[in-house]
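Here is the structure we will look at.
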Amino acid sequence: MRFIFSIVNAICYLFMSPFHYWKFRGVKMGKNNYLYTKHIGSEPYLIEIGDNCHITSGTKFFTHGGGAPLRLEMPDFDTFGKIIIGNNVYIGNNCLIMPGVTIGDNVVVGAGSVVTKSIPSNCVVAGNPAKYIKDFKSYRDSMVKHDFKTKLLHYKDKKQKILTADESLFIKKGYISIK
């Protein structure tokens, strides 16, 4: 039976969209979510996703781990942690979400972050391990001045608007400090 489940899971992994794959595997999900990863671990039924979440490619969810070295003395040892993602959350590319983490509402998790602790609502975090960067309102205020207003445009119209835009609209990063 386990072999048959493995075959069915592999076929679903290959041919289903991330959204349908997550539902098939038992993730509890709200509405209007954009999912670009299928890395949801071996206990996806321990993951809850709110509404209006954007989870980008390469992000991985871990609901267990670290037990193998303890199984020499305790063969049936296993630990688990639920992962709860609130509403209106953006998780950037290649993040790692560890067991037992809760991410509040209105949160941005920067690309490549390793989320080892729960994140309160209304903030931006990034890094390894993920650390507080700024509050959500400050993030929104800093990004509004870079809004190209292209999200609903056709690809060709979007490209034209971006390529002819004033340079002040583009995000520019400062240099790192060399000391």
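The values are calculated or read from the model by the stated rules, or taken from the named source; none is laboratory data. Every value quoted in this text rests on a predicted model; they were computed, and no experiment measured them. Methodologically, a virtual Cβ is constructed for each residue, glycine included, from the backbone with ideal geometry; neighbour enumeration extends over all protein chains shown.
From the list LYS179, LYS172, LYS149, which one is loosely packed, with under 11 Cβ neighbours inside 10 Å, outside any helix (DSSP H, G or I), free of Cβ contacts under 8 Å to residues at least 60 places away in the same chain and on the phi > 0 side of the Ramachandran plot?
Exactly one of LYS179, LYS172, LYS149 is loosely packed, with under 11 Cβ neighbours inside 10 Å, outside any helix (DSSP H, G or I), free of Cβ contacts under 8 Å to residues at least 60 places away in the same chain and on the phi > 0 side of the Ramachandran plot, namely LYS149.
Go through segment 24-54 and give me each residue that's assigned to a helix (DSSP H, G or I) and surrounded by fewer than 15 Cβ atoms within 10 Å (Cβ to Cβ). Talk me through it step by step, then tell me what you get.
So in segment 24-54, the residues assigned to a helix (DSSP H, G or I) come out as 24-25, 44-46.
Across segment 24-54, the qualifying residues are PHE24, TYR45.
In segment 61-98, the residue that is surrounded by the most Cβ atoms within 10 Å (Cβ to Cβ) out of those that are of a type in the set (Gly, Ala, Ser) and part of a loop (DSSP other than H, G, I, E, B) is GLY86. Taking the criterion of being part of a loop (DSSP other than H, G, I, E, B) and touching a Lys or Arg at 6+ places or on another chain (Cβ under 8 Å), the residues of segment 100-132 that qualify are GLY100, VAL101, ASN122, PRO129, ALA130. Scanning segment 11-21 for residues that are out of contact with any strand residue (DSSP E or B) (no Cβ under 6 Å at 6 or more places or on another chain) and either closer than 20 Å to ASN87 by Cα or at pLDDT 85 or above (or both) returns HIS20, TYR21.
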